[in-house]
1. What nm value, rounded to one decimal, do you get for the distance between Arg187 and Arg52 when each label is placed 7 Å out toward the C-beta?
2. Taking amide H positions as placed in the peptide plane 1.01 Å from N, state which residues far from Leu103 in sequence (5 or more) or on other chains have amide H under 5 Å from it.
3. Would you list, by chain and number, the lysines whose Cα falls below 21 Å from the Cα of Lys210, excluding same-chain residues fewer than 8 positions away?
4. What percentage of all Cα-Cα pairs in the stretch 122-218 are separated by more than 16 Å?
5. Calculate the FRET efficiency for Lys215 and Asn266 from the Cβ-Cβ distance with a Förster distance of 30 Å, rounded to the nearest 0.05.
6. Taking the Cβ of Pro118 as the center, what net charge do the other residues with Cβ under 11 Å away carry, scoring Lys and Arg +1 and Asp and Glu -1?
7. Short version: ³J(HN,Hα) in whole Hz for each residue of the stretch 84-90, in order, from phi by Karplus 6.51 cos²θ - 1.76 cosθ + 1.60 (θ = phi - 60°), x for Gly and Pro, what are they?
8. Among 33-42, 69-78, how do they line up from the highest to the lowest mean number of other beta-carbon atoms within 10 Å?
Amino acid sequence: MNWKKALAVGTMTVAAVTMLAGCGEQKQDAQQKLPDKIVIGLDDNFPPMGFRDDNGELIGFDIDLANEAGKRLGVPVEFKPIDWDSKEAALKSKQVDMLWNGLTITDERSQQIGFSKPYMNNAQLLVVRNDSPIADRAGLAGKIVGTQEGSSSIDALNKNADFKASLGQVKTYGDFVAALMDLELGRIDCVLVDSVVGRYYMSKKPDTFKVIDDKMGDEQFGVGMRKEDTLLQEKLNGVLKDMTADGTMTKLSQKWFGEDITIKVN
């Protein structure tokens, strides 16, 4: 083969590879289009992140945040209450596109689903009735502690194995509000609860409860989605960053918590 023919063959090979690469990129781009609608799975009794008002309308910090994010993405959002204990299954089976409701980022969850960048701090609180003689973890030995099934509170308990073993019983509920209601009625001795929910609920009943421990675990909230939805993850992170920069995050946090407890999204 002379050098002219070799050059021609080489040029054709490069062109073919370039075309194939271009087709691959186009196919990938087509697969990664944003959906026509984003269905958000949530626990609809998780105040003040997402819950129903007296008229049955969904309200809350995460509801406001998700609605604003949808506007900025140019995609309408729909909220779908789900069994929070089966949230990962609902996401993987495409019943929902996102989990956005005070979802704690954990190593275990990160193995199954993708997360946005964290946008809020959270902690785990041990809460008892205001008239309870229990003053610390040691006082809960042999007692009944309630918490929400499928929540990060369960993870916090498992990480504090000696404390968990000292308890008489761990009673799980469908949501934290039900657990706090049982605590108020004296059916259980304590509730392990996310701080955002616990402090909001306690603010509505200032003389009913008290916190005896706020060191059960520090956490961060993020938005969950399928690992393969990388474009959606990228676009949402950009929107969260913009809402941090323009003060929207701070404004919504002050509306629902009376202070800014959000994290700066970079």
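1. 1.9 nm
2. Gly222
3. Lys210 reaches Lys143, Lys164, Lys171.
4. 47 percent
5. Here the calculated transfer efficiency is 0.60.
6. +1
7. 5, 6, 10, 4, 5, 5, 5
8. Put in order of decreasing packing, that is 33-42, 69-78.
Read-outs throughout are calculated quantities, based only on the coordinates presented, and are distinct from any laboratory measurement. Please read all numbers here as calculations on a predicted model, not as lab measurements. Positions of Cβ are backbone-derived with ideal geometry, glycine not excepted, and every protein chain shown enters the neighbour counts.
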